[in-house]
Every structure is written in C-alpha cells, then in structure tokens.
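A.B. asks: The structure that follows is given in the form of structure tokens.
Computed from the coordinates by the stated procedures, all read-outs in this text should not be read as laboratory data. Just so it is clear, the model here is predicted, and its values are computed rather than measured. When we count neighbours, we look across all protein chains shown, and the Cβ atoms used for this are built from the backbone with ideal geometry, even at glycine.
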Amino acid sequence: MSGTAVITGVETRDQDAVDAPWNVVVHNDPVNLMSYVTMVFQRVMGFPRDKATKHMLEVHHKGRSLVWSGERERAESIVEQLHGYLLLATIEQAEL
C-alpha cells in the first residue's frame, strides 16, 4: 500500500494544554465586604445565595475558592467580569 499515511494517535503537549479544563479561582483580599463578594458571585456566576455564601466563606477562610472550571475562553471571560467588580480572580490550568 504505497502512499498510505499512518496515524499514530499521539497528541502533542500543546493540544493537551488547549483541551485541559481551566479553573477560575477567586482570592481573598482585604478590601471587599463579604456581603459584596456574595452578591458578585450571585450576579456573575449565577449562584443561588447559599452557594454564593459557601464560596465567599471559602475565600475568606482558605484564601481562595475555585468557582468555575471549563474551557479557557469562558474562564477568561468570567475572570474579566469578576475584575469588573474589583474581585481578585485568576485562571489556572486544571491538573490532569
């Protein structure tokens, strides 16, 4: 079979990095009130009050909370929205 290509199924590390989920992490800061952070989680993340409060307390007590995980473009959009409310948020690649 001359001229037949063989596909090995080997993916590059770059492709794995693109496909891996990305986490949106909100970090504690000394400026924002807990009630304000809860309200932002409700508005931006669409969390019900109980879930927003749970994440706010996690930020307050542990210094950070993972509030979303998924594709990178959406993670960047969420971080941008959280920054618009002056929350300290970052994205980080989820571990595989």
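A.B. asks: Can you give me the long-range amide H partners of residue 88? Hydrogens built in the peptide plane at 1.01 Å from N, cutoff under 5 Å, separation of 5 or more residues or another chain.
C.D. replies: Result for residue 88 returns 27.
A.B. asks: How would you classify region 13-93 from its alpha-carbon gyration tensor, with a ≥ b ≥ c the square roots of the eigenvalues: rounded for a/c under 1.5, else prolate if a/b is greater than b/c, otherwise oblate?
C.D. replies: Because a/c hits 1.5 or more and a/b exceeds b/c, region 13-93 counts as prolate.
A.B. asks: Using a Förster distance of 35 Å, how high is the FRET efficiency between residue 39 and residue 95, based on the Cβ-Cβ distance and rounded to 0.05?
C.D. replies: For residue 39 and residue 95, the calculated efficiency is 0.70.
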